[in-house]
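Coordinate-derived values only; no laboratory data. Because the structure is a prediction, the values reported are computed rather than measured. Positions of Cβ are backbone-derived with ideal geometry, glycine not excepted, and every protein chain shown enters the neighbour counts.
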Amino acid sequence: MPEENTLYLTINLPQVTSSLRALFSPCDPASVRCFAILEGHAAGKIFTDNPEYPTWAVLQEAAFGSLYLAGDIQPLLLHQMVSNLRLAGDVLVGMMPDDPRWALMPASPDYSGYTLEFTDCEPERPLPEIPAGCELRRLDESLFKQIVGRNMLIHMYGNMQQALIWGYGLCLLRRDELLCETFAGPASNGIIEIGVETHPHHMEKGYATLTCLHLIHRMEEHGYRTYWNCAQQNQPSITLARKLGYKTEKEYRLVAWSKNDTT
């Protein structure tokens, strides 16, 4: 049964209907994450007024706390939802700067900035050679315990097993030393997101570019288009995205309300 609230219901994935899914727009920023939740490929919460005949719906992704809005949402409802969700963690909202739904938002966010999303990666890019003494290995359970991003992936997917089912990782190793890790996922509508972590002792050696290019190539072989997302102030990530060959850049506004720690 749905979890009841005075203003909204929290529903489970089997209760997601085609009518509810149709409320969300694939044109919204970071929509690949939104639809991955609706498809059961990523963890999150789903709120609505009526799963069978919804007039509005809101998703919150587990990994970052971002909200995705759809339908006729009233300000009172959204303010109450943000207030409630802040008791458990940070709450983020990202939309294009001219989106009229900004008028619905609570005042005085704790953060206001901009995020870039990159699409349309250039085809047929040459793959760099793997350095002597190194190898690329697909992420598995044994490597998962070593990667820097393991906690984030567990939050995003719910557990390690789901991350390995719905995502695809590549690790660059020299013998047993992990140099760089890159991960593809979540995915939806034929698009898959790419992320990377280079270990602190091995930065600025070109490992992120090498590992990402090989991962992008594998994802394209599987029929995916790839997607990159990073904060406007994350200049290394922006530089890497451009180096990887992404041709289209879009900027959107991101605001956040920090966890309301009342204890």
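For this structure, a couple of remarks:
- Taking the Cα centre of the chain as reference, the dipole from Cβ charges on Lys and Arg (+1) and Asp and Glu (-1) amounts to some 380 debye.
- Under-5 Å amide H pairs with residue 56, H placed in peptide plane, nonlocal only: 49, 50, 72
- Hz values of 3J(HN,Hα) by residue in region 109-120 - Karplus curve (6.51, -1.76, 1.60), Gly and Pro given as x: x, 7, 9, 9, x, 9, 10, 10, 10, 10, 9, 6
- Highest-fluctuation residue, 155, 222, 201 considered, GNM on the chain with Cα pairs under 10 Å: 201
- Cα pair distances exceeding 16 angstrom across region 123-244, given as percent: 60 percent
- For region 153-231, GluC sites (Glu not before Pro) are listed when DSSP marks them as loop and at most 15 other Cβ atoms sit within 10 Å of their Cβ; the list is 204.
- Under-5 Å amide H pairs with residue 43, H placed in peptide plane, nonlocal only: 62, 157, 158
- For the chain, modelled as a GNM whose springs connect Cα atoms under 10 angstrom apart, the maximal fluctuation among 120, 176, 49 occurs at 176.
- For region 127-199, a simple Cβ point-charge model (Lys and Arg +1, Asp and Glu -1, everything else neutral) yields a dipole of about 100 debye relative to the Cα centre.
- Positive end of the dipole of the chain (Cβ unit charges, origin at the Cα centre): among 126, 25, 114, the Cα lying farthest that way belongs to 126.
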